[in-house]
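Working notes for the structure below.
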Amino acid sequence: MKRTVQRLPIWIATFSLIVGCLLISGAISLAAEQSAETAQSEANVESMMAGLSDEQVRQLLIDELQKDAEAEAVSPQQMKGPAFLLSRMLRVLNSEHDENADQVNTLLDGFPNIGPDLYKSFIMLCPYGTHRGAVINVLWVICFIIIGFAIEFIFRKFFFSKDLNTGQTVDMATMSNYDKFLASVTQILPDVLGLILFFGSAYTAFMVFIWTDSPYVQLFFMASLIVVTSIRAFAIIATIIFSPKNAYLRVIPMQRRTALISYRFIVGTAGYIIAALMFAVVSNRLGAAQETVRLSQLLIATLMIIITAALVLYYKNQVQENIISAGTADHQSLTWGRKQFAGIWHLLAITYLIILWLLLLKDLADPSNQGSGAFILSLFVVPIWMVADQLIQWVVKYAMTTLRIHQEQHDDKEEPTLEDMSQREKGKALYLKIKGIARIGLVGALLVWLASLWNIRIPFFSDFASFLLDSVIIFTLALIFWQFISSLIERKIQESLPDQEEDKDEEDEWGGAAKRGRAYTLLPMLRKFIGSVLAVMVTMTLLSSIGVNIGPLLAGAGVIGLAIGFGAQKLVSDVFSGFFFLLDDAFRVGEYITAGSVSGSVETITLRNVMLRHHRGMLQIIPHSDLGAITNFMRGGIVVKFNLDFPYDAEIDKIRRVIKKVGQKMLDHEEYGKDFIRPVKSQGVREITNSVMTIRVKFTAQPGAHFIIRREAYRLITEALNAQGIYYAHRKVIVDMADVHPESEKDDAQDQKQISHAAGAAAMRVIEEEEKAAAGAAKGEKDDMMGG
């Protein structure tokens, strides 16, 4: 009860608002009519007074003043306030009623002439003007159509059933949308080919065996063939939409029985309408009077409305249980309004059919009306509503998902918190509320659209409904285009990612950044640019649809853009510099670069800045115009050189052979063997110092992988050399000292101590000099090998 009490004021307020708006619209229209009539009466008075003398004008003025005084004396408030409005409304309705009654009476007076007029048109099918010849020609036309069916049956029986195997059992639940579409097309392909074959066979048979040059017989045959072909084509389209036999290929989600009933109703109604329209066209071409054609259309439409009303009453309970009261896709409980609508929907439908018949009668009674298809569109208002409702729901759902307000599926790797659950519930409630508001707006726009089809214009609401319809179409097309572009870009981005995930634990000395392709760098910026342009275009189109002249807006935007360009030269410089950096493919996301005094892996590229992640974790944001000269370490191979120190007596050739074998073994390693550009090899003796012999080792590898290869090369070379009995040299300094002959043992100990201190100091100086030289050489190599 609480829920019902809360919803009652909303329905009452909505109904009151609609009634108030209709009254206001009626008042506005009446006021407009009053002003028009007043202007016309003033023009008549001026033309009449122009032909009168001054004395006559004076007398007429006196008479009018006396009449006004008498009227005010009798009833001072007679024609003021709401009474005047109601009187004007009654007068307008009375005049409309009189005019419509005259037109309807004129139309109905032609009923006695329908039979003779149609008979006269029928015998036109015979060149000799006899009804027997006309019947024979009709039978021949039917015979040619049966020939078309027979040829189609033969081909479907002996050719299509063998070449097109559509009876296979396929698991549709595991198929993608594209595969489902192909499966749907494959299933209807025999029907499409059969329809083409039927049309061609029947037309060819008629043209080959035709025995008369009568244009009326040819007209009747082509009309009959087009009717049959159109009905079958419409049935194929309805099969794709409703798919009564396969639920997985169904565009509109509904139960199988409901889909079958909808399919039969839509196809039957469409076939009836197509045949009725063609009958009216052929009757008119055969010479039937205009009143006869209109009365025929009225009788055919009346029969259709009666059949539709009977079907509504017959399927009343099924529609109530399977469609209206079956709940929603969001599994929410039925509202009070939905329950009330489920109980009276058939009454509303029959009332709508009666109103539709009255409007059709008024439309056909007006001789000036050429017909606009309002009756057909109004009769198919339910399918139009179903398609439009699905479209509106998709637009709302996609918009809410894009804005991350509501998502039906969540990829939760961890258990969501209470705050997350609360946010999701709020997002779902907002989604349901917006979807309900969108449906209410769709119902209002559909009603106003139907009124406009019958030339019933409601001030303000007609314009608003037109704007709403244009907005829905624009938003739908924009969202479809954006979804296509976004999905395409996302797919290309995923294709640009490496096949194997980077090992997060194996971080190199550049911070472990994963190298990405050029598509990963450019496509996100392209997506942002397209999104911005699309948003501007949609906004401008919407403003243009409501009558706003966007020319001055575009001119003003150009002037503002020029002013911003002069005032924000640094911003413009950043944007253009970034554009040319990307155009030249100077760097990509994941690459390690050095720009001036800043180094790091490219993490993000925006229109203005590039974000570099330092290998020690700091994020550095640099405008494009401040980058300057760029050193990209990820293009080409990295040459790594390192030194190994051995004793003087080490065998150089043996050491070179060991290093070469290690290099060949590393090439076959499954993890880092593919990262080699040139293998590990010895470059021979680099230098000989006072204590050791230095041999240089060199290899070339892919950027980023050279750190791991260098560590493995150290380990494997050391193990291989030790296995051969070769060890690295220990650092030592040899100091030559002169022979000293002490006079006593005390002097000898003292001299030995002084000599040891002097030798140690000399050795320390030599070590410091060697370390300084090694540091300078390492610095030079670092510039060449970026630390390798």
Once Lys and Arg are counted +1 and Asp and Glu -1 for all other residues with Cβ under 13 Å from that of Phe199, the total becomes -1
Carbon/sulfur accessible area of segment 668-711, % of total, 1.4 Å probe, equals 41
Calc'd 3J(HN,Hα), segment 479-486, phi into Karplus 6.51 cos²θ - 1.76 cosθ + 1.60 (θ = phi - 60°), Hz, glycine/Pro = x, comes to 5, 5, 5, 5, 5, 5, 5, 5
Residue-ordered couplings for segment 661-667, obtained by feeding phi - 60° into the Karplus form 6.51 cos²θ - 1.76 cosθ + 1.60 and rounding to whole Hz (Gly and Pro as x), are 5, 4, x, 5, 5, 5, 5
Rounded to a whole %, the carbon-and-sulfur portion of the accessible area of segment 177-252 at a 1.4 Å probe is 70
Diffing segment 138-147: the Karplus 3J(HN,Hα) column from phi (6.51, -1.76, 1.60, θ = phi - 60°), in whole Hz with x for Gly and Pro, holds 5, 5, 5, 4, 5, 4, 5, 5, 5, 4
Shape call for segment 561-622, from the Cα gyration tensor axes a ≥ b ≥ c (a/c under 1.5 means rounded, otherwise prolate when a/b beats b/c, else oblate), comes out prolate
Spelling it out for Ile677: with amide H atoms placed in the peptide plane at 1.01 Å from N, the residues 5 or more places away or on another chain with amide H under 5 Å from its amide H are Thr700, Ala701, Gln702
Over 30 Å (Cα to Cα) among Lys428/Lys528; Lys339/Lys426; Lys428/Lys492; Lys435/Lys528 -> Lys428/Lys492
Any residue on another chain or 5+ positions along whose placed amide H is under 5 Å from the amide H of Val610 is listed here as Ile622, His624
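The values are calculated or read from the model by the stated rules, or taken from the named source; none is laboratory data. Treat the numbers as computed from the prediction; the structure is a model and nothing was measured. Virtual Cβ from ideal backbone geometry, glycine too; neighbours counted across all protein chains shown. The protein model used for the area step is the full one, side chains on, heavy atoms only, and it has no ligands, DNA or RNA in it. Shrake-Rupley method; radii C 1.70, N 1.55, O 1.52, S 1.80 Å.
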